[in-house]
Amino acid sequence: MRPQNIIPLQRCPSLVIVTDTPKGRGIFTSASIPAKTILDICPVLLLSPEENKEHIEHTSIYHYTYNWPLTTPTGTKTTTQALVFGLGSMFNHSSVAQNVVWERDVERNVITYWALRDIDAGEELCISYGSHLTFTDTDTPAAEPEGDGTDQLNQIQLD
């Protein structure tokens, strides 16, 4: 029997969502992942700059968007937001333990995520959100360590 706070991901059988980490929900692995393994290729929904400014910025969805380069029909280059589907919207930030990297494919409107290094079973998969954070970084040295959910994950029998 699985605890209520563990959600297995069917397309990535060794990855689970843990719902109650100090960072909120997070993606963890129940098996080792070799460096350079593709973890997910996620489609994105591009938001127009107007739609983003007038609507999305005023909702919690805004915290799940990525900056996305955009060329307007007149050829002007600007930045808009993209809502990422799949695991891409679930990776937490880490400034010290980043183990997942990502790359935009602007032509196909997808983001590919892969393992930056070998990742051990029980680790949380984290990306860098960059330096302009809208929240307190729990990985900064001033933050009190509260655990990352791996103890709980390691105690669970995963299929």
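Quick note: the coordinates plus some simple rules give every number you see, no bench work behind them. None of these values were measured; they are calculated from a predicted model. Glycine gets a Cβ as well: all are built from the backbone with ideal geometry, and neighbour counts include every protein chain shown.
In order along segment 78-87, the Karplus-derived 3J(HN,Hα) couplings, from 6.51 cos²θ - 1.76 cosθ + 1.60 at θ = phi - 60°, round to 8, 10, 10, 10, 10, 8, 9, 9, x, 5 Hz, and Gly and Pro are given as x.
Only alpha carbons enter this Debye calculation for segment 89-133, each as an equal point scatterer, and the log10 of I(q)/I(0) it gives at q = 0.28, 0.32 Å⁻¹ is -1.08, -1.21. Modelled spin labels at His55 and Asp20, positioned 7 Å past Cα toward Cβ, are 3.6 nm from each other.
Close amide H partners of Gly122, meaning residues 5 or more places away or on another chain with modelled amide H under 5 Å apart, are Thr29, Ser30, Ala31. Relative to the 2.2 N^0.38 Å rule of thumb, segment 51-122 has a C-alpha radius of gyration ratio of 1.32. Here segment 27-68 has an Rg and Dmax of 15.4, 43 Å, counting Cα atoms alone. Between Ala97 and Lys77, the simple label model (points 7 Å from Cα in the Cβ direction) yields a spacing of 3.7 nm. Each listed q (0.25 Å⁻¹) maps to a log10 I(q)/I(0) for segment 1-105 from the Debye sum over equal C-alpha point scatterers, namely -1.45.
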